[in-house]
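One structure below.
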Amino acid sequence: MTQADTPDQGPGDRATGVLRRMLHQRAQAKVGQGGAPQLPAPPPTTPARAAATAIGRAADRLYQLPLRALSVRPGAVTLAELPEILPELPLVAVLQGPGDLLGAIVLCPQAVAALVEWQALGRVTNRGLERRRPTRSDAMLCADFINAFLADLPAEMEGVEGFEAIGGYHFVTHLDDPRPLTLMLEDRPYRSLDFDLAMGTGETREGRILLALPQPAQASRPRPAA
């Protein structure tokens with residue numbers, strides 16, 4: 001007597017056990033005949049997972065910098081809302097895309113410090129930071145990482161709904177003061193990716209990076225006939 005046919009089981013349990021054995025035997029027979037075993041379907045790609053892969057790959061490919069996404073928050077933001085979600089004393093970089101579209105990427109002081117330390121010292125420290133605005137030198141030291149991330153992101157986001165128009169952007173300049181940002185960017189909806197990151201190994205810095213790229217204009221739908 002098999003485990004599936006013990007007296008303690010009811011008719012429904014026995015039927016389930018028989019069906020499970022039949023399916024297992026059929027799968028084994030397919031494998032024996034040269035068929036490939038059934039593997040579980042891969043989880044669908046989400047914006048957060050794709051963006052985390054892209055930013056981690058860019059840091060590793062460019063600097064071999066260990067970078068782990070603690071959280072990624074995809075979203076949408078208006079131009080009026082953008083200044084309200086910026087970190088304090090940010091490095092604001094203006095991005096240019098196809099058709100002279102402009103976007104922005106914003107790094108908090110901890111993220112800037114991690115990138116600068118890794119290039120200057122070969123490691124990330126957890127020393128306290130002086131309270132100051134990012135400089136042009138800071139922006140130049142972060143520009144290669146920004147461009148590497150923007151280059152990897154479209155490939156990882158391919159097929160992810162809502163992120164079809166994020167390719168072709170690159171670093172143009174940085175702003176000493178974030179206030180002119182709303183005057184430079186077009187007043188339209190923006191697709192955003194908000195990262196919380198652990199940067200470095202051993203000693204680490206937890207930084208934040210915010211990306212905002214313009215959404216493509218939606219084609220107007222024809223009105224139904226009266």
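Tabulated data
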item: Restricting segment 12-71 to residues that are in a loop (DSSP other than H, G, I, E, B) and either among the hydrophobic types (A, V, I, L, M, F, W, C) or modelled with pLDDT of 80 or more (or both), the residue that is least open to solvent (accessible area, probe 1.4 Å); result: Leu65
item: Cβ-Cβ under 6 Å pairs, at least 6 apart or on other chains, segment 167-184 side touching a residue at least 40 places away in the same chain (Cβ under 8 Å), far side small (Gly, Ala, Ser) and part of a helix (DSSP H, G or I); result: Phe171/Ala143; His174/Ala139
item: Yes/no for Thr125 being assigned to a helix (DSSP H, G or I) and β-branched (Val, Ile, Thr); result: no
item: Residue satisfying all of: in segment 76-107; in a loop (DSSP other than H, G, I, E, B) and in contact with a helix residue (DSSP H, G or I) (Cβ under 8 Å, 6 or more places away or on another chain); nearest to Phe145 (Cα to Cα) among these; result: Pro90
item: Search result, residues across segment 168-177 that are assigned to a loop (DSSP other than H, G, I, E, B) and open to solvent by 30 Å² or more (accessible area, probe 1.4 Å); result: Gly168, Asp176, Asp177
item: Among (1) farther than 24 Å from Thr201 by Cα; (2) surrounded by 19 or more Cβ atoms within 10 Å (Cβ to Cβ) - the single one Leu102 does not satisfy; result: (2)
item: Yes/no for Ala165 being at pLDDT below 95, of a type in the set (A, V, I, L, M) and either surrounded by 13 or more Cβ atoms within 10 Å (Cβ to Cβ) or within 28 Å of Leu89 (Cα to Cα) (or both); result: yes
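Rundown of residues vs (1) surrounded by fewer than 19 Cβ atoms within 10 Å (Cβ to Cβ); (2) without any contact (Cβ under 8 Å) to a residue 40 or more places away in the chain; (3) closer than 28 Å to Pro74 by Cα; (4) of a type in the set (Lys, Arg), yes/no style:
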| residue | (1), (2), (3), (4) |
| --- | --- |
| Ala120 | yes, yes, no, no |
| Val124 | no, no, yes, no |
| Arg133 | yes, no, yes, yes |
| Ile146 | no, no, yes, no |
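The values are calculated or read from the model by the stated rules, or taken from the named source; none is laboratory data. Because the structure is a prediction, the values reported are computed rather than measured. All Cβ positions, glycine included, derive from the backbone under ideal geometry; neighbour counts span all protein chains shown. These accessible areas exclude ligands, DNA and RNA; they are computed on the full protein's heavy atoms, side chains included. Shrake-Rupley method; radii C 1.70, N 1.55, O 1.52, S 1.80 Å.
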